[in-house]
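This report refers to the structure that appears directly beneath it.
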Amino acid sequence: MRINHLLGLLLLVVSNFALGKVIHQERSMYRNIIVEDSGNLRCLKFNVKSNKTNQSCFLKSEPNRLVFNYTKLLFSGMIVNPNPKRILIIGLGGGTMSNTLHQLLPDAEIENIEIDPAVIKVARQYFSFFENDHVTSVVKDGRIYMKRALIKKQKYDWIILDAFNGDYIPEHLMTKEFLEETKALLSESGVVTANTFSVSELYNYESATYQSVFGEFFQVKNRKNENRIILATKGQLPNQEHLKGDLATLHDRLRPFGVNILDVFKSFTKEQDWPENTPVLTDQFSPANLLNQ
Amino acid sequence: MDSRWQNRLIYLLAFSSGFSIMGVELLGGRILAPYFGSSVHIWGSIITVFMLSLSIGYLYGGKLSTKNANLSRYGLIFIVAGILVLPIALWANPIMESIFMAVEDSRYGSLLAASALFLLPTIVLGMISPYSVRLLVTHKEESGQVAGVLYFVSTLGSALGTIITSFYFVLYFEVNAIIISFSLLLMALGAIALLFAKAKSNQVLASDKELISEN
């Protein structure tokens, strides 16, 4: 019985290796970076052990089409703010989000912040990540970049927080103080979409922390509940009925990129599904990595 | 109260100082992160400052132990160390804020901040090891062995301070609460050493008086 189990596991591992071909691998200052091709699909991984660690994927034949479910969910930000002029992305991954947004909003300023220079290099080389007059990337810790931006009185219409996919969670990017800085960087119509944890104990802690800073927020989930996006706004959260109005136009804009925004909108919920007394994460108390087990 | 108890007390104190040093060092990463990030160079700054301060502390502690070494002074070192640890909890944010504004490069910013917060308390904590050796050694033949046991005890304290702080303390307490506890622990141990020294000198005085009256 036990041996069968082991054999099955071994087979799984072997077949996985057979399916995906590693075309690039490097150990950066922060992590292992692996680029894997499986037929037409190319993925960026930060760890070999599990499939869950796919960081960013794209189809080589259709680089415009978004493959990843949670990246599609991030576009929920455009339901609330359809024409953002300045966009800040924390955590580059393969750069697919940046590429897509530039095609969608050619006049928007897009700033990508990534702590690991090797990730930027790999994104350029293997995922067609590009920079130009409107799209820039900076190697910096997200928290520091945002603190400096605050001093320079910068404002963003859309902040995308997506720095949480590796094995290690940057705990200082999960605290109340960090989210207060994020909120202060938002323009009056500004919106933040954050890719957050959906399974571990962190779910409750993160929910409580966002609530303490932004008040009410939307949760956006996919069918399998694998990912959860938190969508919060600087001002009062818009009425769900009201948002429905422009959905059709946005749907047409996003369709070529493989995003079905009507589906995404269906999953919008304001429901509070975490216990009332959940502690808030702060700079003083943020054992995120210990809670995510 | 004989010298056997005094030695046990010294080992306990050395253990606790090792525990506190590494506990504080570990929290250093958490304290600096909001202003200087969690890049590799943050740990570079913290470890550099701790190693540098310890080396200075060893030198000073050894020097101090050559003149009139006694348990009261030993206790005072702990009390001073405890007091110097407190500003980490009280003023870390304004200190880091001003350094953050003044220095753009987060490598040098974190190095400056780590120095401002940890240099002085760690220098004083570093003085404890050589001073302990001085108080423990009575014959030069045993000096190597005594130093060996002392390093064993204090480094074991460091190992436990690291693991317990990172595995458990951060899960249950706020950073400042842990720092303040380390500070109070150091001061309390220093006070115990002072009381012990006082009791011992009273005892000596009393036995001297007995001797005098018998004569």
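The values are calculated or read from the model by the stated rules, or taken from the named source; none is laboratory data. The structure presented is a predicted model; accordingly, all values stated were derived computationally and were not measured. Note that each Cβ is placed from the backbone with ideal geometry, even for glycine, and that neighbours are counted across all protein chains shown.
Tell me, please, whether a residue that is away from chain A (no Cβ under 14 Å), among the small types (Gly, Ala, Ser) and over 30 Å from residue B:37 (Cβ atoms) can be found in the stretch B:180-189. Yes, there is a match, as at least one residue in the stretch B:180-189 is away from chain A (no Cβ under 14 Å), among the small types (Gly, Ala, Ser) and over 30 Å from residue B:37 (Cβ atoms). Is it the case that the stretch B:82-91 has a residue that's part of a helix (DSSP H, G or I), within 14 Å of chain A (Cβ to nearest Cβ), in contact (Cβ under 8 Å) with a residue 12 or more places away in the chain and surrounded by fewer than 16 Cβ atoms within 10 Å (Cβ to Cβ)? The answer is no; no qualifying residue exists. For the stretch A:216-293, the helices (runs of 4 or more DSSP H) that sit wholly inside it and include 2 or more residues that are touching a residue at least 12 places away in the same chain (Cβ under 8 Å) and closer than 16 Å to residue A:201 by Cβ are A:288-291. Residue A:177 satisfies every condition listed in (1) modelled with pLDDT of 95 or more; (2) more than 13 Å from every other protein chain (Cβ to nearest Cβ) except (2). Only one entry of A:4, A:32, A:16 meets the criterion of being more than 14 Å from chain B (Cβ to nearest Cβ) and modelled with pLDDT of 80 or more, and that entry is A:32. Residues in the stretch A:162-202 that are touching a Gly at 6+ places or on another chain (Cβ under 9 Å), part of a helix (DSSP H, G or I) and under 15 Å from residue A:234 (Cα atoms): A:178, A:183.
Of the residues making up the stretch B:167-183, those that are touching a residue at least 40 places away in the same chain (Cβ under 8 Å) and over 18 Å from residue A:282 (Cβ atoms) are B:182, B:183.
Scanning the stretch B:200-209 for any residue that is closer than 16 Å to residue B:5 by Cα, modelled with pLDDT under 95, of a type in the set (A, V, I, L, M, F, W, C) and surrounded by fewer than 18 Cβ atoms within 10 Å (Cβ to Cβ) turns up at least one such residue. The set of residues from the stretch B:36-45 being more than 7 Å from chain A (Cβ to nearest Cβ) and of a type outside the set (Gly, Ala, Ser) comprises B:41, B:42, B:43. Counting only residues that are more than 10 Å from chain B (Cβ to nearest Cβ), under 20 Å from residue A:194 (Cβ atoms) and among the aliphatic types (A, V, I, L, M), the stretch A:132-164 holds 8 of them. Looking only at residues in the stretch B:95-141 that are of a type in the set (S, T, N, Q) and part of a helix (DSSP H, G or I), which one is nearest to the other protein chains (Cβ to nearest Cβ)? Result: B:106. Can we say residue B:146 is more than 14 Å from every other protein chain (Cβ to nearest Cβ) and in contact with a Phe, Trp or Tyr (Cβ under 9 Å, 6 or more places away or on another chain)? So residue B:146 fails the test.
Reported count of residues in the stretch B:127-161, each being closer than 21 Å to residue B:53 by Cβ and free of Cβ contacts under 8 Å to residues at least 12 places away in the same chain, is 0. Scan the stretch A:259-281 and tell me whether some residue there is under 29 Å from residue A:101 (Cβ atoms), within 14 Å of chain B (Cβ to nearest Cβ) and of a type outside the set (Lys, Arg). Checked against the condition, which is being under 29 Å from residue A:101 (Cβ atoms), within 14 Å of chain B (Cβ to nearest Cβ) and of a type outside the set (Lys, Arg), the stretch A:259-281 yields at least one hit. Checking the stated criteria, residue B:66 turns out to be in a loop (DSSP other than H, G, I, E, B) and either modelled with pLDDT of 95 or more or more than 14 Å from every other protein chain (Cβ to nearest Cβ) (or both).
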